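Computed from the coordinates by the stated procedures, all read-outs in this text should not be read as laboratory data. Only a predicted model underlies this, so the values are computations on that prediction, with no experimental measurement involved. FYI the Cβ positions are ideal-geometry reconstructions off the backbone, even for glycines, and counts take in every protein chain you see.
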Amino acid sequence: MSDSRRYWVGFNLVKGIGAVRMRRLLDAFGDLEAAWNAPTESLVSAGLGHKLAQGVAQARGSVDLDRVWEELQNKGIQVITWEDEAYPRRLREIDQPPPVLYLRGTLLPDDEWAVAIVGTRRITPYGRQITTDIAAHLASRGVTVVSGLARGVDAAAHQAALEAGGRTLAVLGSGVDRVYPPEHRRLAEQVVQRGALISDYPLGTQPDAVNFPPRNRIISGLSIAVVIVEAGEQSGALITANFAAEQGRDVFAVPGNINAPQSIGTNRLIQQGARPFLNMEELLETLNLTLISEHRQARQALPADEVELRLLDLLSSQPLHVDEIRTQADLPIERVTAALTMMELKGMVRQVGGMHYVSVREASGDYSPDQG
């Protein structure tokens, strides 16, 4: 059976079709497979306009979606769309979130607790030390560090998070198969092992200068807050700060030497109302990140998906054999056993011998889909 996400990729290949027009297509056709195969006049009626409708028609005639999808699979690149549960929750909340994300690596539920650290490519020794301290401290507390893999502050933030044993996400202004700058390829592979490379640009997209400002909205959108370490007067990090403010994220700026070009942007952000970054404790307290362990423990006690919910509905204080659970749940045995194993680790169910399971829910703690 064909994966419908290939049609999202198809429209993503057509320049000029973003969040607004993708929504129009979904509203008009119900799904993107129908939109991809629709007559040109129907695309015009859906609100694309004649030029874009012609662009879709040309792409339909020149792009082999099966081949594109096979290439993505062969390169281990995930495609995440608005319709997927794996789409990052915080990013989904922003105005016009990107319809399609390409990903090398893994996104985890815990990546919701993320802070972006960005700044100038012309980093000073002071900026490097501050970046390293902030990223390492956050990573050691279980906070995911988000940045853009650029030279300077970005690279220092990713590296410090990795060295602290934490997770980090790098949002690119190119396809995830086109790492830029080229000297960061090794760093990019390390990020893939302990996080993810993310882009909303199709495979093969080169790192053109016009791509970087729009990608900054993803950096801030994935994060609870943004920390600007150093930024010149025209730094792209200031664009990230603006996106963060529009998205309702907290913006912190590190105060700097008033005579240093790299501090003009951050000092001005503070003058305009950004929070001055003075110490790590204030950042953690402001974002309530001191409760991160409690947040995680609370979520681990809840069903992660529909399979866990279904199994919980079947189980009670009376032991039930795994074969009977499989039959009643009408699910493949491997999915049932995998879910039961995870649920047992989370303290939701208990095996009482002979592959019999019981629920360990409190009498007042029945689960419902609203709690997930």
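DSSP loop (so not H, G, I, E, B), at most 11 other Cβ within 10 Å: list which GluC sites (Glu not before Pro) in region 155-256 pass both filters. Write out the running numbers ahead of the final one.
Numbers: sites: E163, E183, E189, E230, E233, E246; in loops: E230, E233.
Those satisfying the criteria are E233.
For K51, the lysines whose Cα comes closer than 19 Å to its Cα, not counting residues fewer than 8 places off in the same chain, are K15.
Ordering R194, R151 from the fewest to the most neighbouring beta carbons within 10 Å gives R151, R194. Rounded to the nearest 20, the size of the Cβ-charge dipole of the chain about its Cα centre is 1220 debye, with Lys and Arg at +1 and Asp and Glu at -1.
The sum of -39500 (n - 2.57) across all DSSP H runs of n ≥ 4, divided by the residue count of the chain, sets its helix-only mean residue ellipticity at 222 nm to -13000 deg cm²/dmol.
Count charges around R326 for me, please; just the other residues with Cβ under 13 Å from its Cβ, Lys/Arg as +1, Asp/Glu as -1. Let's see the in-between values first.
On the way: positive: R310, R335; negative: D323, E324, D330, E334.
Every neighbour counted, the sum reads -2.
For F277, what is the net charge nearby, where nearby means another residue's Cβ is under 12 Å from its Cβ and Lys, Arg count +1, Asp, Glu -1? Show your work: numbers first, answer last.
Details: positive: R275; negative: D133, E230, D250, E281, E282.
Around F277, the surrounding residues sum to -4.
For semi-axes √(5λ) of the Cα gyration tensor in Å, pick the label among (i) 37, 32, 18; (ii) 37, 25, 19; (iii) 44, 27, 16 that corresponds to the value derived from the coordinates. Checking each listed value against the structure points to (i). When the charge dipole of region 104-291 is built from unit charges on Cβ atoms (+1 for Lys and Arg, -1 for Asp and Glu) and taken about the Cα centre, the candidate among P276, N242, L172 whose Cα reaches farthest toward its positive end is L172.
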